[in-house]
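Engineer: Dropping the structure in here first, questions after.
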Amino acid sequence: MEAFVCRSYEELSRKAAFAVANVLNTKPNAVLGMATGSTPLGLYQELVRMHEEESLDFSQVTTFNLDEYVGLPVTHDQSYHYFMHENFFKKVNIPNSNIHIPSGTTSNYQAFCQWYEQRIKECGGIDVQILGIGSDGHIAFNEPTSSLASRTRLKTLAQQTINDNARFFDKAEDVPIYGITMGVGTILEARKLVLVANGENKADAIAKAIEGPVTSMITASALQLHPDVDIFIDEAAASRLQMRDYYTWIQAKKPGAPQL
Ligand code: F6R
């Protein structure tokens, strides 16, 4: 796990996008895991900029989104289908048939979840998974006490997540109570993980995820078990890290480090 403490949201978004683009440059038909929420917006803007100005090509890319609200039609402006289309997919050249987003309106969730897991395998697994983190330490909709071995399934959202996400809806009662989400076990199988977080309201979750014990109470702490995780955070999100200075020291000393 490597933590990159950045001076601003713009810098962390740029660096995270660079990490994703690196995977695409070495593997043009990479499988990308996508996240929604406010945090990865800067990362997506930067990938779109690279596509427009630097010919970053998505024509062979396949995508799998982490999660979706249950009950929102794809046309609802708060559905993750709508979010991804508006903020990313309509701006790059990923073929529509290569885009996968969990369905929040299927008539058979169990069959859909099994199909989603199977489809990830058929596509060769996820090369790089983009992640945000909830203020309760969740990744995707894996709320506290989610099994660290969990697979794609339905989850009941925690009150804290409903409160956090109420800012996107007219009122808190409009926030769906259920989500369909990749599991922690699904996420841990991605070959590389890139997590972005900014702001003081993420500081506690980030400290627990990076430095706390591995626990289902903070599902992001399971990332400690993964061999290749890059975490891009701003100063505010890094403010409760005990080893914050060490992470900056590691980056400063990288140029002189022995080559692997
Ligand atoms: C959404 C997702 C969630 C968000 C998290 C943070 O696909 O995976 O875990 O990343 O709730 O959301 P923001 O970025 O809005 O604070």
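The values are calculated or read from the model by the stated rules, or taken from the named source; none is laboratory data. Computed from a predicted structure; not experimentally measured. A quick note on method: Cβ atoms are made from the backbone with ideal geometry, for glycine too, and the neighbour counts reach across all protein chains shown.
Engineer: Condition check: at pLDDT 95 or above, farther than 27 Å from E10 by Cβ, out of contact with any helix residue (DSSP H, G or I) (no Cβ under 7 Å at 6 or more places or on another chain) and part of a loop (DSSP other than H, G, I, E, B). Does P227 satisfy that? So that I can check it myself, show each step before the final result.
Structural biologist: Details: at pLDDT 95 or above: yes; farther than 27 Å from E10 by Cβ: yes; out of contact with any helix residue (DSSP H, G or I) (no Cβ under 7 Å at 6 or more places or on another chain): yes; part of a loop (DSSP other than H, G, I, E, B): yes.
So P227 fits the description; yes.
Engineer: Under 7 Å between Cβ atoms, at least 6 apart or on separate chains: pull out the pairs that start in the stretch 122-134 with a residue that is closer than 13 Å to I231 by Cβ and end on any residue that is near the ligand (Cβ under 10 Å from one of its atoms) and in a loop (DSSP other than H, G, I, E, B).
Structural biologist: So the pair list comes out as I130/A35; I130/P40; L131/A35; G132/A35; G132/G37; G132/T39; G132/P40.
Engineer: Residues in the stretch 19-38 that are part of a loop (DSSP other than H, G, I, E, B) and either surrounded by 17 or more Cβ atoms within 10 Å (Cβ to Cβ) or within 16 Å of the ligand (Cβ to nearest atom) (or both): how many?
Structural biologist: The number of residues fulfilling the criteria is 5.
Engineer: I've got another one for you. Of all residues in the stretch 39-72, count the ones that are part of a loop (DSSP other than H, G, I, E, B) and farther than 28 Å from V184 by Cβ.
Structural biologist: 5
Engineer: For the stretch 124-173, how many residues are near the ligand (Cβ under 9 Å from one of its atoms) and either exposed (fewer than 15 other Cβ atoms within 10 Å of the Cβ) or closer than 29 Å to V61 by Cα (or both)?
Structural biologist: Taking the stretch 124-173 and keeping what is near the ligand (Cβ under 9 Å from one of its atoms), we get 130-136, 138-142, 161, 164-165, 167-168.
Next cut, either exposed (fewer than 15 other Cβ atoms within 10 Å of the Cβ) or closer than 29 Å to V61 by Cα (or both) only: 130-134, 138-142, 167-168.
Count: 12.
Engineer: Out of the stretch 134-192, which residues are over 16 Å from the mean Cα position of the chain (by Cα) and of a type in the set (D, E)?
Structural biologist: D164, D170, E173, D174
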